[in-house]
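Every read-out reported here was derived from the displayed coordinates using simple, explicitly stated rules and does not represent laboratory data. Since we're looking at a predicted model, the values are computed, not measured. Note that we place each Cβ from the backbone using ideal geometry, even for glycine, and neighbour counts take in every protein chain shown.
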Amino acid sequence: MTQRIRAGLATLMGVALAFALACGEHQGPGTIEGAALPAAVVASRAAAQAETARSLAERSFSATPARQVLFGDLHVHTTFSADAFMMGLPIQQGEGTHPIADACDFARYCSAVDFWSITDHAEALTPRRWQETIDTVRQCNAMAGDPGNPDVVALLGWEWTQIGRTPEAHYGHKNVILREWEEGRVPARPIHSASFATQAMRQKPDWRQRWLLPLGDWENRQLYFDMITYLGELRDTPLCPDDVPVHELPADCSEGAATPDVLYRKLDEWAFDSFVIPHGTTWGIYTPPGSAWDKQLNAKMHDPARQTLIEVFSGHGNSEEYRSFREVEFAADGAATCPFIQGDYEPCCHRAGEIIRSRCEDPTSPECEQRVADARTNFLAAGAQGRLTVPGAQVQDWGNCGTCPDCFLPAFNYRPRGAAQYILALSNFDDPADPLRFRFGFLASSDNHSARPGTGYKEYGRLYNTEARGPRDATWYDRVNEGVPRDPSLVSVPIEEAARHLQQFQLLDFERQASFFLTGGLVGLHAEGRGRDAVWNALQQRAVYGTSGERILLWFDLLNAPGGVVAMGGDAKLAETPIFRVRAAGSFKQLPGCPEVSRNGLSAERLERLCRGECYHPSEERHRITRIEVVRIRPQDRSGEPVDELIEDPWRTLRCPPDPSGCTVEFDDPDFLAENREILYYVRAIQEPTPAVNAGLLRCETDAEGRCIDVDPCYGDYRTSREEDCLAPNEERAWSSPIWVGPGYSFAAPAAAPVATP
């Protein structure tokens, strides 16, 4: 009888599954609704910036700049990314699918950016999805008006999402941005990382995804059926064979490159203009403790022609600032050891031991000390999944371990040897006569996963404009976390035991990460026009800067180079003291709601779904720039030179007058000649404090010494209200690209040097 019942249930489940699969629909690219903005609206943006530029130029007795400042977002995901699809599920407090057509309308009518690029994860892009992506980018550009003066430029690209299990095997995430989008001028396939993440996306959904999701949320069942179809389409796409030239691969396969050198080789074979932009270089949610960028500075793993820009800020936090603390140390035999507390920084391996200590009956006993030591060892052996080795530990138990306590909006579980400052301080002396160094221009973007380029224009909508997500109620919290060790244990457990029955998405610490998700940054660039070529040339010249989301205007120039003024991103050789000038103006204060052009451009229903009632809507009043911070970095001049001594942050702090129209300052470096080495300089323009989503991060309660003694997380799940934006004061800022200055008389600059700015 039991066997009959089981057989009947199996048949019933099979029929139901077939029904679910039959009902699942392909999630396509959507439909772009809005037409191009009126030319007068586009012109007014440039006019407002030009007026500020003229005002700053007059104060510094300089000519009016020939270039205009454009703002954009080069890191945007849609439902074509598997993680974005998951975030859109109603059980995760998501709002459904957001295809690439949404990004075009959002960029034009919600955030009003000048350019953006699609960067869906290549791991999830089937040939059909890639072609739909290309077609929609073409359509977005075709609807943008005059190609030489469009209202918005949409660039084509993808994300190469590499995750290594060990520090030695981890190279991180890189966005590939393409110049062209016309037929025959783009790769036939995006190139994924061929890592274990690729394989994880191709696993069959477990029973919870197949049955529990649609049955438990029947009202939204279609979305779950569509997700099953979505994953099936990915599994049905074969992986391309290795070591076959890209032009000889089958048209219907999924192409991979396991390491950066293979990615560069494949891009060379395609021979199309492209950038490779690293991002998330300090993120610890998936990056193994101890990861460092040193291994990427060599002729094999670095492409100095394509990899010329780096993302220093996004909706996942700041990756700019280097700190000397270490999340792990390695003994002479290579064994990982757990460091003690370093100033205000506590490694999470240390905190793991202290959580176990708090569960001991006698915290000072030898038995307890052994449990503490085992907990720290198990934590490190687990890599980025260390939290699972301490069963029952709650978010509050971890305090603010792993956080850079004095960094500006730091990325979660900070990896300091991935910071942009550390990266720029490195040198490779394989050729002593010509050391290899990274030459990165700085930019920022959103890394948004709901087809919303440029989300930082207003601080609202935490669950829409950031990546904070989580189960919508206690029941779904239990279902999503089924199998995760929940009961406190007196001892820690090895990761093999802790993660034995877990799904891939359960391994990462999304609960704590939710407090670190931000609305995201923007790319600012100095361009000679608005079209694709102007945008591309500015990126190629490193005439770029990043902002934390606000449209801050920034110019940074070396005034006395032999060949004339050198703007941010450029190089020079000097035989005298370098003299620099910085000009900055704060972003426009925003009016509530959406302007008339947005209300007229989209239907009321679509405007509400995409913009949620708020659009970029500038007033005529600007926020004040309070100060300019100068950072000076001396790249290594000899092998093994300690990096800690080479990064001076801030090297100078220059106060600005209380003038909302902008700030102009000059400075020099009287020690430059005595140093007799290359030095790079960049600046930060700091804006007056304003409220920002999640700017309080874990919202620490501190003691008299300023140390965090308790946290009040801003959860992505039901424990924090959907309407709560978790606002806290924040000093928005802009980061210039560096200027490199070396000793000597000859002048050198990147190809097509930027036109002099005011």
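The table below lists the values:
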{"read-out": "log10 of Debye I(q)/I(0), alpha-carbon scatterers only, for region 348-425 at 0.20 Å⁻¹", "value": "-0.88"}
{"read-out": "Residue-span extension gain [Gln222 to Ser324] - 0.36 nm each, minus C-alpha spacing", "value": "31.7 nm"}
{"read-out": "Sparsely packed GluC sites (Glu not before Pro) within region 709-742, loop by DSSP, other Cβ within 10 Å at most 15", "value": "Glu723, Glu724"}
{"read-out": "Note, ³J(HN,Hα) from phi for region 568-584, Karplus 6.51, -1.76, 1.60, rounded to Hz, x at Gly and Pro", "value": "3, x, x, 10, 7, 10, 10, 10, 8, 5, x, 10, 10, 9, 10, 10, 8"}
{"read-out": "19 Å cut-off, amide nitrogen to a point 7 angstrom out along Glu51 Cα→Cβ, residues in region 537-579", "value": "551-554"}
{"read-out": "Amide proton proximity set for Thr702, modelled H, under 5 Å, gap of 5+", "value": "Ile709"}
{"read-out": "Net charge, Arg185 excluded, C-beta distance under 10 Å - Lys, Arg +1, Asp, Glu -1", "value": "-3"}
{"read-out": "Per DSSP, loop trypsin sites (Lys or Arg not before Pro) in region 382-464 with at most 15 further Cβ within 10 Å", "value": "none"}
{"read-out": "Difference of contour (0.36 nm per residue) and Cα-Cα distance, Val244 to Gln370", "value": "40.1 nm"}
{"read-out": "Extended-chain gain in nm, criterion 0.36 nm per residue less alpha-carbon gap, Glu528 and Ala39", "value": "174.3 nm"}
{"read-out": "Gap separating the Cα centres of region 668-714 and region 499-567, nearest whole Å", "value": "18"}
{"read-out": "For the chain: relative contact order, % (alpha-carbon pairs under 8 angstrom, 6 or more apart)", "value": "16"}
{"read-out": "Charge dipole (region 215-321, unit charges on Cβ, about Cα centre) - positive-most of Ser314, Thr287, Leu249", "value": "Thr287"}
{"read-out": "For region 564-693: relative contact order, % (alpha-carbon pairs under 8 angstrom, 6 or more apart)", "value": "35"}
{"read-out": "Two-site FRET efficiency, Gln394 against Glu497, from Cβ-Cβ distance with R₀ of 35 Å, rounded to 0.05", "value": "0.95"}
{"read-out": "Region 159-314: Rg to Rh, with Rh as the Kirkwood radius over Cα pairs", "value": "1.02"}
{"read-out": "Relative exposure of Val395, Val152, judged by other C-beta atoms within 10 Å (fewest first)", "value": "Val395, Val152"}
{"read-out": "Virtual paramagnetic centre 7 Å along Cα→Cβ of Asn149, amide N under 15 Å, in region 511-530", "value": "528-530"}
{"read-out": "Trypsin sites (Lys or Arg not before Pro) lying in DSSP loop within region 592-671, provided at most 13 other Cβ fall within 10 Å", "value": "Arg638"}
{"read-out": "Dipole of the chain [Lys/Arg +1, Asp/Glu -1 at C-beta], most positive-end residue of Leu424, Tyr718, Met227", "value": "Met227"}
{"read-out": "Set of lysines with alpha-carbon distance to Lys458 below 16 Å, sequence-local pairs under 8 removed", "value": "Lys589"}
{"read-out": "Paramagnetic reach from Arg677 in region 435-455 [backbone N under 20 Å; point 7 Å along Cα→Cβ]", "value": "435-440"}
{"read-out": "Projected label distance in nm at Leu490 and Arg722, using a 7 Å step from Cα toward the beta-carbon", "value": "4.5"}
{"read-out": "Residues with amide H under 5 Å from that of Gly94, placed H, sequence gap 5 or more", "value": "Leu89"}
{"read-out": "Sum of side-chain charges, Asn694 neighbourhood, beta-carbon under 11 Å (Lys, Arg +1; Asp, Glu -1)", "value": "-2"}
{"read-out": "Estimated vicinal HN-Hα couplings, Hz - region 462-470 in sequence order (Karplus 6.51, -1.76, 1.60; Gly, Pro = x)", "value": "3, 7, 10, 9, 10, 9, 5, 9, x"}
{"read-out": "Candidate lysines - alpha carbon under 28 Å from Lys266, same-chain residues fewer than 8 apart omitted", "value": "Lys174, Lys295, Lys300"}
{"read-out": "12 Å beta-carbon shell around Asp362, net charge (K/R +1, D/E -1)", "value": "0"}
{"read-out": "Karplus 3J(HN,Hα) series, Hz, for region 159-169 with 6.51 cos²θ - 1.76 cosθ + 1.60 (x for Gly, Pro)", "value": "10, 8, 10, 8, 9, x, 6, 10, x, 5, 9"}
{"read-out": "Cβ-isolated cysteines (cut-off 4.7 Å), the chain", "value": "Cys23"}
{"read-out": "Exposure proxy order (Cβ contacts within 10 Å, fewest to most) of Phe340, Phe588", "value": "Phe340, Phe588"}
{"read-out": "Under 5 Å, built H, 5+ apart or other chain: amide partners of Phe330", "value": "Thr337"}
